[in-house]
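Accompanying notes for the structure given below.
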Amino acid sequence: MVLFAPEGLALWRSPLSRAIHRNRSQAHHRFFQLATVTPAGLPANRTVVFRGFVDQTNRLKMITDRRSEKIDHLTQNNRAEIAWYFTKTREQFRLAGSVETVTDQDVMSVFSEERRRTWQNISDNARLQFVWPDPAIARTSDLGKFSPPAPDPDYPVDNFVLLVFHPMQVDHLELRGNPQNRWLYRQNEVGIWQKLAVNP
Ligand SMILES: Cc1cc2nc3c(=O)[nH]c(=O)nc-3n(C[C@H](O)[C@H](O)[C@H](O)COP(=O)(O)O)c2cc1C
């Protein structure tokens, strides 16, 4: 059966929000894998922390360091995929979409204030990592460089990047049940989300 969402929150938003809520007792429920495409066309995957939705929308927030490789990938190709497995309820969400990078340069971005708010909301320890020595180069022997002065908790440092993920397609697999349940969510040509139950 195909269902239509009139407007506002996408049809997959409430199953995803429900999964987040039901798995909240497990700290790792906030971790998912974000896959990008390298300039050579190869896949690159890593774990990141879900930082919530942008207000009451379908967009997911993540944070990263401007110096990280994923920024190079996203600058050339903003398409990405999230794979998110919830161990308690045994369900997987795969979200395919695009990522908007919001840096210190994007002062006119509608997400500029969101970037600042997100910086203010992360822990002191998390903020500190953005002023650590450059990632992915030979290990720095001066460990003092990993204890720099704490950055201003009000104003994000230049290395701090907000990633805003815009889902275009969602694949929800529920392992519970025999046969398992699987739903595909897609947008039609006028952007209305549709839900289709498919074979697992
Ligand atoms: C549990 C966990 C959470 C992580 N959260 C983040 C995160 O929110 N943002 C981030 O940029 N990297 C995070 N990392 C580190 C990334 O997995 C990755 O090592 C780093 O971002 C460099 O990736 P890149 O070189 O592909 O850009 C996390 C790693 C783990 C294991």
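The table for this structure:
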| read-out | value |
| --- | --- |
| Rounded FRET efficiency, nearest 0.05, which uses the C-beta distance separating Ser141 from Val107 and R0 of 45 Å | 0.75 |
| Estimated inter-spin distance, Thr75 and Arg24, nm [label 7 Å along Cα→Cβ] | 3.9 nm |
| Phe160 long-range amide H proximity, modeled H, under 5 Å | Arg66 |
| Integer Hz, Karplus 6.51/-1.76/1.60 couplings in order for region 123-134, x for Gly and Pro | 6, 4, 5, 5, 5, 4, 4, 6, 10, 6, x, 3 |
| For Thr38, distant residues with modelled amide H under 5 Å away | Ala44 |
| Cα-Cα P(r), the chain, percent of pairs per 10 Å interval | 8, 31, 34, 19, 6, 1, 0 |
| Cβ-defined net charge surrounding Ala35, 12 Å radius [Lys, Arg +1; Asp, Glu -1] | +3 |
| Gained length - Thr47 relative to Arg117, 0.36 nm times residue gap less alpha-carbon distance | 23.0 nm |
| Total charge dipole magnitude, the chain, about the Cα centre, Cβ charges on Lys, Arg, Asp, Glu only, Debye to nearest 20 | 940 debye |
| Karplus 3J(HN,Hα) series, Hz, for region 67-72 with 6.51 cos²θ - 1.76 cosθ + 1.60 (x for Gly, Pro) | 7, 7, 5, 4, 5, 4 |
| Region 88-199: proportion of alpha-carbon pairs further apart than 25 angstrom, % | 51 percent |
| Modelled FRET efficiency - R0 22 Å, Asn188 with Ser17, Cβ distances, 0.05 increments | 0.45 |
| Within-11-Å neighbourhood charge of Phe53 [Cβ basis; K, R +1; D, E -1] | +2 |
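Read-outs throughout are calculated quantities, based only on the coordinates presented, and are distinct from any laboratory measurement. The structure displayed is predicted, hence computed values, not measured ones. Because the Cβ atoms are built from the backbone with ideal geometry, glycine has one as well, and the counts that use them run over all protein chains shown.
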